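Here the structure comes first, spelled out in structure tokens, and everything after it is commentary.
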Amino acid sequence: MPSASFSSSRTSSYRRSKRKGSNRNNSDAYEPNNCQNIPAPNVGTAPGSSVTTANSSTPDTSSSSNSSGSNPPIPNTSSALTATSSSSSMSSNEIIGNSSSGCSSSSSNSCHHSPYDLRKKSYSACSDNWLGCIFNGASNSSSGCSSGTASSSHGHLHFSSSNNSNNNFEYLPARKRPRRTYSSTETSNATITTATIMSAAHYLQYEMPDEVLLTIFSYLLEQDLCRVSLVCKRFQVIANDCELWKRLYQSVYEYDLPLFNPEHGVMNFVKVEECEYANPWKESFRQLYHGIHVRPGYQDKKYEGRSISYFNTIQAALDFADEKNIANNSNMNAGMNVTSVTNSNCSLPSTPPNINEEHESTHESPSTLIFLHTGIYRGEFLVIDSDITLIGAAMGNVAESIVLERESESTVMFVEGAKNAYIGHMTIKFSPDITSTVPHHKHYCIEIGENCSPTIDHCIIRSTSVVGAAVCVNGVGSNPHIKYCDISDCENVGLYVTDYAQGTYEHNEISRNALAGIWVKNFASPIMRENYIHHGRDVGIFTFDNGMGYFEKNDIHNNRIAGFEVKCGANPTVVKCEIHHGQTGGIYVHENGLGQFIENRIHSNNFAGVWITSNSNPTIRKNEIYNGHQGGVYIFGEGRGLIEHNNIYGNALAGIQIRTTSDPIVRHNKIHHGQHGGIYVHEKGQGLIEENEVYANTLAGVWITTGSTPVLRRNRIHSGKQVGVYFYDNGHGKLEDNDIFNHLYSGVQIRTGSNPIIRGNKIWGGQNGGVLVYNGGLGILEQNKIFDNAMAGVWIKTDSNPTLKRNKIYDGRDGGICIFNGGKGVLEENDIFRNTQAGVLISTQSHPVLKRNRIFDGLAAGVEITNNATATLEHNQIFNNKFGGLCLASGVSPIIRGANKIFNNHDEVEKAVSSGQCLYKISSYTSFPMHDFYRCHTCNTTDRNAICVNCIKICHQGHDVEFIRHDRFFCDCGAGTLTNQCSLQGEPTQDTDTLYDSAAPMESQTKENF
């Protein structure tokens, strides 16, 4: 049987079938049980007639036939709206009368077969007391309903339990009543033939067009539609039409979409096509029907078939709600002392159940719901201390149509008791009079005090006060949920959370505020997710004075100062936020600030992506820091911090900059493709820099300068466009266990008083050498592997004086160690082998000390000393080298101490000379064997040309030749670069000049751009 419900859910068919199954065994006979006297609309009354029913003074002619068990008379149903016309004139209290009553009466043996029984089985009479379930209104009676006379509290409904059986059925729903004759008045004894009645009923139920019924139903209000849906299944289908309910819904609530209240504090608009309900408008009506409306001009209007309270002001609605709640509480307390009726089949709940008996109730005890309709509400002082729900109601953009505004004191205040209050879909303004002398630093649009946890939803919040904040959340136990709000264009702070307050803040737009978008201080700990904080005229989010909080997936951009600022012991957790396009920087942590910044995207800021200073110690972990207009991470002024697992790239200046005694831990980061350097440590900067990958930067991978002493361990520094690690201007520190390779310049450069410790590193693949020490550079290089560099493994020049101990320098495509231009140094216990040029080349007034080195397997000489240089040689082993062990140019006299072992060298130069070969034959133009070389004046050779002794004898026989000196060279005659073709050598080469020394290294020309 159709139910008088406002909605039907997906479970309705299951519950309906379950009820039908439970009654299937009793479908053969209808027995009016003890609840047959529950009030119901009088379908026997003509439209417009009195609601008053038959009583003892008007005898019913059918009483004797009913009592004898014969079929009751059939009522006239010629009017389609008989069931509703009489009841629609009742007030809501009359309709719901006796809805909380218990029922008890003697049972009857008479049977009733409804004409609709073939389509749907009847429920028991007790389960069809739908009028007690239509609306969540107040009950007018708590008394039991037993055998005897009962009436409504207003006297409009009367029934009797006398022997007149027809009266006993009169207050049942239409589908449960015995058929009886229609009478124009209650006292009429005229009857109409059964055939006529059956014809009218048949036409009404089967033949009247749906369009006509739909038009008739369109004149009904919600309560009448619920009643008429009980007549038959066809009426139920038509009365459940979505367009009917949409029209009704929008006339009451004005919304363009149905609004659902699935649980307390949750109000969701849902598109009709996405809704799970068959009739979303009706279901929304059901969920919201208990609401009170503030709609100016509607307070004095009365609607039959509707039970809605209207008020002109918010305060009047709140007062009414308070009185109603007090009355309900009193009734509940009184009801606890009432003895329940023992008949379980007839008992009803003391609180009217939900309108749709096929659904569970949305709230066991629904809170006060107030709808605030279109308008500007000024001067209303709202102090909310209970769990009310206050929501705007309008077409289009709801929040813009409803405005709450005050000029003094806070516009809305939540105080203790507002645990589950809700305000949504309205504009809330605080606009103080600029001429007023009253201070407003403690006045706000919304103020949420201690022990409050309201929900603020889809509100537009504006404040023109130049002090304070638009929204203030403060105090222990303050835990609001603010979501989908627009807090913008305020002349002060947007959102201020302080004094141990908490709360959840989601999907809010906080923008264009004069001060910070958000302040968090004094141990406040909010949760902020997926907010948009942008275009502020100050900082985006400012946590200070021990403020905390959890900030996740917020979009923070285009703020005038930093996107996120942390100060004075504040310790926020910032996760998966995007902080970008700041007019100053991205994150600024200073004055002992802390914080956890994890998995954020920090990019495109005008200054550094992250600033850390003044003893601050944040954790910067797993962030992407890129495309900054200056640096990536900037640590200065005794800043600290843990910088780990970040991806730092594409910044205009250094990826990480450490200066002025700052001492961070930098590890497991990728620092790459910077337009400047990778890591820049200067002005006595410190720090532990370990296990990072630094690569593909335009300038040096790591710069260390001006008294700085960082420690670099286990880093991979590679593929740079200049130097790998660059120490200059008294840069110091430790470089341990790093892998430094494939740089366009040297892997490591040390100059101008720098004195690092370089230990246990692999330095290889440099296009300009492995290590270059020049211009007074110092340093200790020990236990390193320096190999496969395009030029010398180690260069020492221009008064530099490093110490090299226990290194392996091998497989160089030039010499092993080249010392020239006054270079010094101590080379001790190194293994130098398999290098293309000399293992150690000492030239141009240099004077190193070589102790206990092993120099072997070279493709040229072991040690070569030339060009007025000298050396001190102590206890070295020089063996198995191609051109010889120790080769000394003219005028060279090294200091020999101890027993240097020079053995098993191949002496290929002497063998070639002895066999009459051109020395170019054994060297080509890549090696420089040491021997006597000459110049031919006849062939116009220059100072850069040299001719070996065999070519002088054969190719230049009879020419004007000159002996120059014993030195390292290759033969230009054999190379084919002279006028005469060499008689001892084959095809000429492309080389034009003899090189007396290895090619000079490229010195870094990096300039400071900070």
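Every read-out reported here was derived from the displayed coordinates using simple, explicitly stated rules and does not represent laboratory data. In this text the structure is predicted, and so the values were computed from the model without any measurement. Quick reminder, even Gly has a Cβ in these numbers, built from the backbone with ideal geometry, and neighbours come from all protein chains shown.
Which peptide among 464-472, 701-709 comes first, and what is the full order, when sorted by highest mean count of other Cβ atoms within 10 Å?
701-709, 464-472
Can you sort R659, R968, R286, R834 from fewest to most other Cβ atoms within 10 Å of each residue's own Cβ?
R834, R659, R286, R968
Give the relative contact order (percent, whole number) for the stretch 811-951; include only Cα pairs under 8 Å separated by 6+ residues.
17 percent
Among all the lysines, which ones have a C-alpha under 21 Å from K670's C-alpha, if same-chain residues fewer than 8 places away are not counted?
Cα-Cα hits under 21 Å: K576, K622, K721, K734, K762.
Can you give me the Cα centroid spacing of the stretch 597-636 and the stretch 530-551 in angstrom?
16 Å
For the stretch 689-822, what's the relative contact order in percent, using C-alpha pairs closer than 8 Å and at least 6 residues apart?
Answer for the stretch 689-822 is 17 percent.
Starting from the Cα of K911, draw a straight line to each of the lysines and keep only those under 27 Å, dropping any in the same chain fewer than 8 residues away.
Excluding near neighbours in sequence, the set is K882, K901, K921, K953.
What nm distance separates the two modelled labels at Q981 and V415, each placed 7 Å from Cα along Cα→Cβ?
Distance between the two pseudo-spin positions: 11.3 nm.
Obtain the radius of gyration and the Kirkwood radius of the stretch 598-696 from its C-alpha atoms and give Rg over Rh.
Rg/Rh: 0.92.
What does the highest-first list of 254-263, 767-776 look like by mean Cβ count within 10 Å?
767-776, 254-263
Which residues' amide hydrogens lie under 5 Å from the amide hydrogen of H534, considering only partners 5 or more residues apart or on another chain, with H built in the peptide plane?
Residues meeting the amide H criterion: I510, S511, R512, H557.
Taking 0.36 nm per intervening residue step and subtracting the Cα-Cα distance, what contour gain separates Y298 from E829 on full extension?
Between Y298 and E829, full extension yields an extra 181.0 nm.
Remind me, relative contact order of the stretch 498-634 in percent, using alpha carbon pairs under 8 angstrom and six or more residues apart?
17 percent
Name the residues whose placed amide hydrogens come within less than 5 Å of the amide hydrogen of E552, ignoring near sequence neighbours (fewer than 5 apart) on the same chain.
The answer is M528, R529, E530, V575.
How many nm separate the modelled label positions at I896 and M395, each set 7 Å beyond the Cα in the direction of the Cβ?
11.1 nm
Can you list, bin by bin at 5 Å, the percent of alpha carbon pairs in the stretch 208-298, starting at 0?
Cα pair-distance distribution for the stretch 208-298, in percent: 2, 13, 24, 22, 18, 13, 6, 2, 0, 0.
Going Cα to Cα from K797, which aspartates and glutamates come in below 15 Å? Please leave out same-chain ones fewer than 8 positions away.
K797 reaches D997, E1003.
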